[in-house]
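Structure, as structure tokens:
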Amino acid sequence: MKFTFNGKLPNYLTAKDLILHILGDITTDGATYRAMEFDGEAVFDLSMNERMTLTNMAIEAGGMNGIIAVDEVTEQYVKERTDKEYQIFNSDPDAEYHSKYVYNAEELEPVVAKPHSPDNRDTVRNVEGTTITKAYIGSCTGGKISDFKFAAQIIDKQEVKVPTFIVPASTEIAAQLEVEQHNGRSLKEIFESAGAVIAKSSCAACLGGPDDTIGRAVDKDVTISTTNRNFPGRMGSRKSEVYLASPLTVASSAITGVITDPRNFL
Amino acid sequence: MEKVITGKAFVLGDNIDTDQIIPAEHLVYSMDDENEAKMYGKYALSSVPADQSGLPQGEIPFVKDGEYESEYSIIIGGSNFGCGSSREHAPYALMKAGAKVIAAESYARIFYRNSVDGGFVVPYESVEKINDKIKTGDEVKIDLDDNKITNLTTSKSFDLKPLGNVLPIISAGGLFEYARKSNMI
């Protein structure tokens, strides 16, 4: 299956919006047993981190894999990590696809996946004002340094209104929080002075976990999260609700305490 | 492995994800210690929303409170069974609860391979939708030679897609046992 995003990605959208958009169109079994290839100017403009958000969430559509053709960004990423020789594989120019989806990135809106499925898409505008009790920026998909840079743009010099959890995907990313700067302050400083909790890097509450897991949804919590999944009970309590959204949308909502479109802050 | 499996059916809907099959809060038990491992049976399918648990009427727990095994040995599912987190504990928990076969329209690929590679349960794909033709509690028979499921309560039979190369792996007890038995390792 091929998903092409033409045009430039506006500053209020991230890769998370793109993949949630696709999930809304093809549903959670729309790519079962298939490969998902992402293509188009907006995709190739993405950083490697952001591309990983797209490809990581192919599994939410049942995909066997998510792939993006190799370009300079990919090659640079590989060369920074190995001296070994490698071979580049590309889709055949005359490859036949099961189906093709074409989007204009410039016309897309920030979206969420409403409870209780990653394909339950709606625009942020449509659910704006929904009260939340927790905000969560973390996990393999949503806790990369690029996610925290997005969040810091919004949270800088603000205070969060609901408990907000910053959970780096790895110890390497946790260390980067102290190094990466936005407007002269480290991301760590920005989040801490806003009142957010920075957790140790782990899966933490992305998959609920035992009662003492940091950020875990309890009772009727309504969490807005950058994680992958919002199935019933996924982040803890079976009575809780989870909205999946981009780090920009989660950060905007953390500041207001209600689901908020990032365009209000950018 | 026996060629004919009979038992009571437990019927579920579409998109049963692995968090519903075995919630992550219970992924704390050893699979090697029998006293701990039986807890996976106790909590199998414990997070399926009550109205979706045991269709068509719902509100039926797969495993009764305080018990470790289910009275249902055959699970009937819809499409995309086992979606979500990669988790070998999901098919393992179903096996510990006493499930032998799942018959569903389609599977999430990771769950399917985990079922096979661990030798936990037989993941049959049904040719047509069957979770509206079998009710929870119906006696069903699955014939592994004929690739058929028969609802003994209504005497109706439905075709299942042949398992191909995966049955010998499940029969051997999983991928490693299969490789050992075939002198691959």
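The values are calculated or read from the model by the stated rules, or taken from the named source; none is laboratory data. Computed from a prediction, not measured in an experiment: that's the story for all the values here. So basically every Cβ, Gly included, is an ideal-geometry build from the backbone, and we count neighbours across all protein chains shown. Keep in mind that these areas ignore ligands, DNA and RNA; they rest on the heavy atoms of the full protein, side chains included. Shrake-Rupley method; radii C 1.70, N 1.55, O 1.52, S 1.80 Å.
Structure summary
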read-out: Filter result (of a type in the set (G, A, S) and within 14 Å of chain B (Cβ to nearest Cβ)) within segment A:228-266; value: A:G233, A:G236, A:S237, A:S240
read-out: Residue check for A:F148: at pLDDT 95 or above, part of a strand (DSSP E or B) and buried (at least 21 other Cβ atoms within 10 Å of the Cβ); value: no
read-out: B:Y68 in contact with a helix residue (DSSP H, G or I) (Cβ under 6 Å, 6 or more places away or on another chain), among the hydroxyl-bearing types (S, T, Y) and either open to solvent by 30 Å² or more (accessible area, probe 1.4 Å) or more than 14 Å from every other protein chain (Cβ to nearest Cβ) (or both); value: yes
read-out: Answer from A:I190, A:I166, A:I198, A:I173 - the residue that is more than 12 Å from A:G143 (Cα to Cα) and among the β-branched types (V, I, T); value: A:I190
read-out: Condition broken by A:T32, with the remaining ones in (1) at pLDDT 95 or above; (2) among the β-branched types (V, I, T); (3) crowded, with 16+ Cβ neighbours inside 10 Å; (4) over 18 Å from the mean Cα position of the chain (by Cα) satisfied; value: (1)
read-out: Qualifying residue in segment B:94-104 (condition: assigned to a loop (DSSP other than H, G, I, E, B), farther than 27 Å from A:A61 by Cβ and open to solvent by 10 Å² or more (accessible area, probe 1.4 Å)); value: yes
read-out: Inter-residue pairs, beta-carbon under 6 Å, first free of Cβ contacts under 8 Å to residues at least 60 places away in the same chain and in segment B:153-176, second β-branched (V, I, T) and exposed (fewer than 15 other Cβ atoms within 10 Å of the Cβ), 6+ apart; value: B:D159/B:V127
read-out: Unmet requirement for A:A58, which otherwise passes all of (1) at pLDDT 95 or above; (2) open to solvent by 10 Å² or more (accessible area, probe 1.4 Å); (3) within 13 Å of another protein chain (Cβ to nearest Cβ); value: (2)
read-out: The lone exception for A:C140 - which of (1) more than 30 Å from A:A175 (Cβ to Cβ); (2) open to solvent by 10 Å² or more (accessible area, probe 1.4 Å); (3) within 14 Å of chain B (Cβ to nearest Cβ) it fails; value: (1)
read-out: Complete set of residues in segment A:235-266 that are open to solvent by 10 Å² or more (accessible area, probe 1.4 Å) and more than 12 Å from A:I132 (Cβ to Cβ); value: A:S237, A:R238, A:K239, A:R263, A:N264, A:F265, A:L266
read-out: B:L152 buried (at least 18 other Cβ atoms within 10 Å of the Cβ), away from every other protein chain (no Cβ under 14 Å) and within 21 Å of B:M1 (Cβ to Cβ); value: no
read-out: Residue among A:V73, A:V112 that is open to solvent by 20 Å² or more (accessible area, probe 1.4 Å), among the hydrophobic types (A, V, I, L, M, F, W, C) and out of contact with any Ser or Thr (no Cβ under 6 Å at 6 or more places or on another chain); value: A:V73
read-out: Residue ID - modelled with the highest pLDDT, chosen from residues in segment B:73-90 that are surrounded by fewer than 24 Cβ atoms within 10 Å (Cβ to Cβ) and more than 12 Å from every other protein chain (Cβ to nearest Cβ); value: B:S73
read-out: Segment A:227-252 residues that are within 14 Å of A:M57 (Cα to Cα) and assigned to a strand (DSSP E or B), paired with ones that are open to solvent by 10 Å² or more (accessible area, probe 1.4 Å) and charged (D, E, K, R) (beta carbon under 9 Å, 6 or more apart); value: A:L244/A:K114; A:L244/A:R229
read-out: Boolean, A:R216 is of a type in the set (K, R) and crowded, with 20+ Cβ neighbours inside 10 Å; value: yes
read-out: Within segment B:106-141, tally of residues that are assigned to a helix (DSSP H, G or I), in contact with a helix residue (DSSP H, G or I) (Cβ under 8 Å, 6 or more places away or on another chain) and open to solvent by 20 Å² or more (accessible area, probe 1.4 Å); value: 3
read-out: Criterion (away from every other protein chain (no Cβ under 14 Å), open to solvent by 20 Å² or more (accessible area, probe 1.4 Å) and more than 20 Å from A:D122 (Cβ to Cβ)) met by exactly one of A:F165, A:F191; value: A:F165
read-out: Residue match in segment A:5-22 (condition: surrounded by 18 or more Cβ atoms within 10 Å (Cβ to Cβ), more than 17 Å from the chain's Cα centre (by Cα) and on the phi > 0 side of the Ramachandran plot); value: no
read-out: Every residue from segment B:11-45 that is open to solvent by 40 Å² or more (accessible area, probe 1.4 Å) and within 11 Å of another protein chain (Cβ to nearest Cβ); value: B:D14, B:N15, B:E25, B:L27, B:V28
read-out: Selected residue [over 22 Å from B:Q57 (Cα atoms) and either out of contact with any Leu (no Cβ under 9 Å at 6 or more places or on another chain) or of a type in the set (F, W, Y) (or both)] from B:P123, B:P162; value: B:P162
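Conditions tested, residue by residue: (1) closer than 17 Å to A:S252 by Cα; (2) in a helix (DSSP H, G or I).
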position	(1), (2)
A:L177	no, yes
A:E189	no, yes
A:S201	no, no
A:D219	no, no
A:I224	yes, no
